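The values are calculated or read from the model by the stated rules, or taken from the named source; none is laboratory data. Predicted model only: the values in this text are computed from it and were never measured. As a convention, Cβ positions derive from the backbone with ideal geometry for all residues, glycine included, and neighbour counts pool all protein chains shown. All accessible areas refer to the heavy atoms of the entire protein, side chains included, with ligands and DNA or RNA removed. Shrake-Rupley method; radii C 1.70, N 1.55, O 1.52, S 1.80 Å.
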Amino acid sequence: MTVRTRLLVVLPAFLLTIGSSLTAQTRLQLRWELVGDSITGDRGFSRAAFTITNRDTKPLAPAGWSIYYSALHGADSGTVGSGFAIEDTTGDLHRLAPGAGFAGLAPGASIRIEYRTDPLLNTSFVPKGPYIVFDAAQDVGVALNDYTAVPFERSPQGAGHDPRVVSPEDQFALDSSVRTIPASELPLVFPTPLEVTPAAGTLHLAALPRVEAPEALKGEAAFATEYLRPYFRGAGPGGVPLRLEVGAVAGQTSAEAYALVVDPSQGIRIVGASPAGVFYGLQSLRSMLPPSGPTPRAGVDLRAIRVVDAPRFGYRGFMLDVARNFHPKPVVLRTLDLLARYKINVFHVHLTDDEGWRIELPSLPELTALGARRGHPPDAGTHLPPAFGSGPTVDRPFGSGFYSRADWIEILRYAAARHIEVIPEIEMPGHARAAIKALKLNDPGDTSKYTTAQGYHDNVLNPALETAGVWEGSPAVQAYMKAHNLASVDDLWFVFYGRVEQIVKAQDVSLGGWEEMAVRRTSRDGHRMNIANPDFATHGWRAYVWNNVPGWGNEDLAYGLANGGYDVVLSPVSNFYFDLAWNQNPEESGLDWGGYVDLRKPFEFIPFDYYRNAHADPAVFVGKERLTDYGRTHIVGIQGNLWSETLGADGRVEYMLAPRLLALAERAWAADPDWATERDPAKSASLFRDAWSRFVNVVGQRELPRLDREVPALTYRIPTPGLKSEAGVIRCSVELPGFTLRYTTDGSEPTVRSAAVRGPIPFRGTIRVAAFTTTGRKGHTAHLTAP
């Protein structure tokens, strides 16, 4: 006999209620909009509003729930309307909750909740990742998928105008310094080489060149064949040789030097001082190929030429932050390809921060099991809180993720094959919340109070503890200072760095760090100031100096540290922080705390005299330290930095990186241009205009079309057109010659089918103009409306 049993599950009433509530919450509609601004110079505030609409058939309760969201700015206390409150929780996570003044929301009804906040300059400052939590189930957060953030515009004129907005007329004026140069007159090699000697004749390649290389250069030979093959599909190697050799390069001492010769009768020969030099010679040869790609059965014609080249700086770096928002391995590999193409030889990876630990350490699995995951609830012991819009669900892309040991090995090998050094960065002792929470490194006795710029109160490792003005309240710190005769908690920084140095040098690892590890605080004439810390200057530590913001007091920090004997990598926020917005317009993304970085900022940087190209009152630099001859020998290179707070979406890395990377490459590789050494201001300005025109023509007519063809997934930024109204017509401009401008006259958005701009456009109604790539991808639209 078969006995059948039935399991009866009785759910408590409160669980049934929670389930009903969670179902109902998905029927809430949330809308956010910018209401208005009060902006004067760099100060002011914005007024914004949330609108909640109840799409359910049941009322929304007057209490017992709250909405969490991420935003770079919180709400000003006391400005939240309609009986609600907005409070800061952790980092950029905020909580909107009903108060006693809220009576609930009937089906179909809406409530508008206005609040005041710091200026909201662009799309990056819009609230992201909202989700609702009911008090009865505080560990459960469910995304509000019916959420809309209304796009906003700002007019450069009129009431409430923002004087920082780049109007179409402003952009037209900026573009006026650019003259279009015929493609046949553009330099053949980019970045600018040391010596280029044109020769008579042309080398015709009817078939894939015959690559001749020793075993030590088999990787470079394979690379040459890989990028040349598409030009000769269906044809085997021909009779023209491409010889690759390692040998001396006359007059050059750099290990990355190369000589490239294209000879009509002898073929192509590349001699590098090392395999890296050969690789860079091949990249230069690549830049000489037709940017439009192969023409069937036509072959390739190369002008006869001799190039002798070597980099200005041995360190040419790019840093990608994968901690704040994670970027998976394919993005990293694609970035490495782009760096190699433009002779960038260092990939600095910011692997850890408050919001994430992104590399697997098998001996400490907690670091990724907890520290590489974000989600709700914020105070769970299994993951970090949501940040930068990552939302309530654990293991969502960008918020969660890490590189396994196998991933990291693959990245290292991929970079090495492209002659790129990978520098992993582990952030400490500050910005260490992910590690602190994962490994439970808190000091329970520390009563110190602090708030970081990112909104954290518990993100600094305590150097007085073996497990690892922040530490004043720690008994462990006070005991440690007394035992070691330390006069100030400032000295703890250097105790910590010294311990780290002992640990890593035992593993034959050299150290570098942000500027903080190289400075000591002191006072002069009653004012606090930073000086070079002598303790580590002779230890071979490399200092990465970012702080040169005019008016902050550290404008000369990089030069002071170099003069004090530190090897300095210039990473100034003013020119090379690629996470800053391209310009001040609201459709752009990115931060603004250090200004704005367009394409011109990295191009115009003068490494040994950056005061000259600073867009600031010259009085700021009076009395500042100048770079000495000795200090010049300690400027080892330049690095661009891309922090990722605003990069939680596909394609944002490339948008913020390119084409700014090309300007970084030019400054890091090429010698000082003539305009940088010319002391007469008028002559220097004229020389700069010529150099700028050459650069933007090379980028727009040659490099970006090549990327369109060879890396079609690369979503680099397309320039926004400039417009000018005069005599009843609209004149159009574009910063990078080579793009196709298309327009509409009925106010609709331009498409690839819209008319191309061939000259002035009659000014009637609303004229909208956008630039399009060779593949039909569209940039931001500029528009003017007739009075």
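Structural remarks
- Alpha-carbon spread of region 253-319, three principal axes, descending order, Å: 41, 32, 16
- In the assembled protein chains, R652 presents an accessible area of approximately 60 Å² (probe radius 1.4 Å).
- Here region 623-780 is treated as a sphere whose radius is the Kirkwood value from Cα pairs; by Stokes-Einstein at 37 °C and 0.692 mPa s it diffuses with a coefficient of 176 µm²/s.
- Accessible surface of region 203-315, 1.4 Å probe, proportion on carbon and sulfur as whole %: 52 percent
- Kirkwood Rh and Cα Rg combined as Rg/Rh, region 92-197: 1.23
- Distance cut-off 15 Å, percentage of C-alpha pairs in region 587-685 lying past it: 71 percent
- Near the amide H of L580, within less than 5 Å, lie the amide hydrogens of L591, all on another chain or at least 5 residues away, with H placed in the peptide plane.
- When the pairs K449/K505; K343/K437; K449/K624; K343/K778; K128/K440 are compared against a 32 Å limit on Cα-Cα distance, K449/K505; K343/K437; K449/K624 fall above it.
- Counting every alpha-carbon pair across the chain, the share separated by more than 38 Å comes to 48%.
- Distance between the modelled labels on A106 and T197, one decimal in nanometres: 8.9 nm (7 Å Cα→Cβ projection).
- Per residue accessible area in Å² of the chain, where ligands, DNA and RNA are left out and the probe is 1.4 Å: 44 Å²
- Share of carbon and sulfur in the accessible area of region 674-787 stands at 50%, probe radius 1.4 Å.
- Antiparallel %, DSSP beta bridges [both residues in the chain], to 5: 65 percent
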